[in-house]
């Protein structure tokens, strides 16, 4: 069924509700209700509520959804175990009191930036690790949690999209490969994806812009207000590591989580990392890390007793439960926009503007709108990469440019969307309110997007 303009109702309801209520969970749920209302076609409150809850529950029948939720919840367990072991305190104490490098807010934020661009296996892992390590140190020098959330968000998806040795690369290669198989374009899928990296202007410029903001300290708009407020509440006290705590108590679990994600990505791909399943890889990596933590903290170093270990595990999982609820609702919104054809409808609205000189800029803009409306960069890639390639080929436009523009737009829209799972996770990783993160990041993201749009126009006009 073609829902036409009604397919826009779900993202519109979510965005308006988020602005008015500042409650992400409520806004997402209202979006699900709107979805079922549009499908039903008439007003029946109790039936719509019933169908809404049924649609949410039905998501648990999908393996990737269950793995994603379990992953985000159990990552909370890992972080709690690391904190309770004294590993975070030990690292903070070393970096702030003993190291000669972390002596300012700039240095603390640069540390988070470096961690962010180093971990490129999965965007969620990047955000959580950057947030866990950077937040306690950055706060000691007057940095706001909104600033840390911005760094978490802006060094996760952009890095993962630029270094495609992960699930992102597997998805993009598969989508391009499908176009090659259907005869739309010729060549090697991996080669086209690699060449498209140079045209992923938003991701490239975002990493440079974040670095500029950190080094210069020149904040503006809502972020400046947040930073000024944080300066008034600087935490001058320094945490002292628990007796016997060591820095390796945080380094080893995080390293294992990262390395095992790579290993399971290769395993799930049958030996090819580009064909691996990102959700499976991070799910099994978390399980492996929790087993390691039990052996390392309970049996080896005796940091916890068995009961204490499982108590911390449950506490950490409970702390992330609210984020898990937001994630499942975000996934439901993704299903809603897919079923209603929101992405395809938005793409059709701009498909008529096909001048070769402006096609890359149009693809970037369309992908941005779709990603913002659906809250998913991967879903946007799935919609826009085939459309972009098929639009560009008859005009002689480089397929790599089309892919790069589609990916860049997908990342930008995802950064700004209040229904994006990466937005939710980045805010949670820094302990920042989700709406505060969206409000403070939006002016920065839009600034970089305008710069990216100019780049696409220059490339297009230059032929």
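The values are calculated or read from the model by the stated rules, or taken from the named source; none is laboratory data. For clarity, every value in this text was computed on a predicted model and none was experimentally measured. For neighbour counting, all protein chains shown are included, and Cβ atoms are generated from backbone atoms with ideal geometry for every residue, glycine included.
If only residues of the range 366-399 that are at pLDDT 80 or above and not in a helix (DSSP H, G or I) are counted, the one that is surrounded by the fewest Cβ atoms within 10 Å (Cβ to Cβ) is 396.
For (1) over 25 Å from residue 69 (Cβ atoms); (2) touching a residue at least 24 places away in the same chain (Cβ under 8 Å); (3) crowded, with 17+ Cβ neighbours inside 10 Å, each residue gets a yes or a no:
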| site | (1), (2), (3) |
| --- | --- |
| 210 | yes, yes, yes |
| 222 | yes, yes, yes |
| 246 | yes, yes, yes |
| 277 | no, yes, yes |
| 299 | yes, no, no |
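Selection of helices (runs of 4 or more DSSP H) fully inside the range 1-85 by the criterion of at least 1 residues being closer than 30 Å to residue 293 by Cβ returns 24-40, 63-84.
Does residue 165 qualify as being surrounded by 15 or more Cβ atoms within 10 Å (Cβ to Cβ), modelled with pLDDT under 85, closer than 25 Å to residue 371 by Cα and within 23 Å of the chain's Cα centre (by Cα)? Judged against the criteria, residue 165 is a match.
Here is a yes/no grid of residues against (1) part of a helix (DSSP H, G or I); (2) more than 15 Å from the chain's Cα centre (by Cα):
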| residue | (1), (2) |
| --- | --- |
| 418 | no, no |
| 422 | yes, no |
| 425 | yes, no |
| 428 | yes, no |
| 440 | yes, yes |
| 447 | yes, yes |
| 455 | yes, yes |
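Can we say residue 222 is modelled with pLDDT of 90 or more, in contact with a helix residue (DSSP H, G or I) (Cβ under 7 Å, 6 or more places away or on another chain), under 30 Å from residue 171 (Cα atoms) and part of a helix (DSSP H, G or I)? Against the criterion (modelled with pLDDT of 90 or more, in contact with a helix residue (DSSP H, G or I) (Cβ under 7 Å, 6 or more places away or on another chain), under 30 Å from residue 171 (Cα atoms) and part of a helix (DSSP H, G or I)), residue 222 does not qualify.
Among the conditions (1) farther than 25 Å from residue 246 by Cα; (2) touching a residue at least 12 places away in the same chain (Cβ under 8 Å); (3) surrounded by fewer than 24 Cβ atoms within 10 Å (Cβ to Cβ), residue 58 misses just one, which is (2). Within the range 324-331, none of the residues are surrounded by fewer than 22 Cβ atoms within 10 Å (Cβ to Cβ) and without any contact (Cβ under 8 Å) to a residue 24 or more places away in the chain.
Scanning the range 279-297 for residues that are modelled with pLDDT of 90 or more and under 15 Å from residue 68 (Cα atoms) yields a total of 2. Kindly check whether there is at least one residue in the range 358-365 that is at pLDDT 80 or above, touching a helix residue (DSSP H, G or I) at 6+ places or on another chain (Cβ under 6 Å), surrounded by fewer than 24 Cβ atoms within 10 Å (Cβ to Cβ) and assigned to a loop (DSSP other than H, G, I, E, B). Scanning the range 358-365 turns up at least one residue that is at pLDDT 80 or above, touching a helix residue (DSSP H, G or I) at 6+ places or on another chain (Cβ under 6 Å), surrounded by fewer than 24 Cβ atoms within 10 Å (Cβ to Cβ) and assigned to a loop (DSSP other than H, G, I, E, B). Criterion first (at pLDDT 80 or above, farther than 30 Å from residue 453 by Cβ and outside any helix (DSSP H, G or I)) does residue 314 satisfy it? Criteria not met by residue 314.
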